[in-house]
Every structure is written in structure tokens, then in C-alpha cells.
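> Dropping a structure here in C-alpha cells format, bear with me for questions.
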Amino acid sequence: MEWRKSSFSGTGGNCVEVRSDLAAIRDSKVPDGSELVVDVTSLLSIIKTQ
């Protein structure tokens with residue numbers, strides 16, 4: 001599966017990456033670590049209202 005992070009993240013390693021199918025997120029510092037399975041569309045909707 002392919003992962004993406006924001007172009008605003010730069011070269012630092014403190015990023016959250018989103019799976020290309022928008023079904024999970026992960027910590028970019030630990031790419032072989034755990035994935036958090038989420039409904040990214042709903043998560044972004046909640047974040048935008050904050």
C-alpha cells in the first residue's frame with residue numbers, strides 16, 4: 001500500500017502519513033510500526049470544525 005504525507009511537512013520526520021486509500025494513518029517516524037485504521041474523511045471533517 002502506498003502512503004502519503006503533506007507537502008508542507010518538509011524533510012522532517014515528525015509527520016502523520018495517510019494511506020492512499022484513506023483507510024489508515026501512521027507515524028512517519030515508525031513506518032514499520034502500527035497503523036491506525038480510521039475513516040480519514042470523517043476525521044478530517046471533525047478537524048476542520050475545530
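> Got a number for residues in the range 14-44 being part of a helix (DSSP H, G or I) and in contact with a Lys or Arg (Cβ under 9 Å, 6 or more places away or on another chain)?
Residues that pass the stated criteria total 1.
> May I pose another question? Restricting the first residue to the range 1-29 and requiring it to be within 16 Å of residue 43 (Cβ to Cβ), which pairs with a second residue that is outside any loop (DSSP other than H, G, I, E, B) and of a type in the set (Phe, Trp, Tyr) meet a Cβ separation below 6 Å and a spacing of at least six or different chains?
Final answer for the pair search is 17/3; 19/3.
> Taking the range 1-49 as the region of interest, how many residues are of a type in the set (Asp, Glu), loosely packed, with under 11 Cβ neighbours inside 10 Å and touching a strand residue (DSSP E or B) at 6+ places or on another chain (Cβ under 8 Å)?
1
Each value in this text was obtained by applying a stated rule to the coordinates, not by laboratory testing. A quick note: this is a predicted structure, and the numbers were derived from the prediction, not measured. Neighbour counts are summed over all protein chains in view; Cβ atoms, including those assigned to glycine, are modelled from backbone coordinates with ideal geometry.
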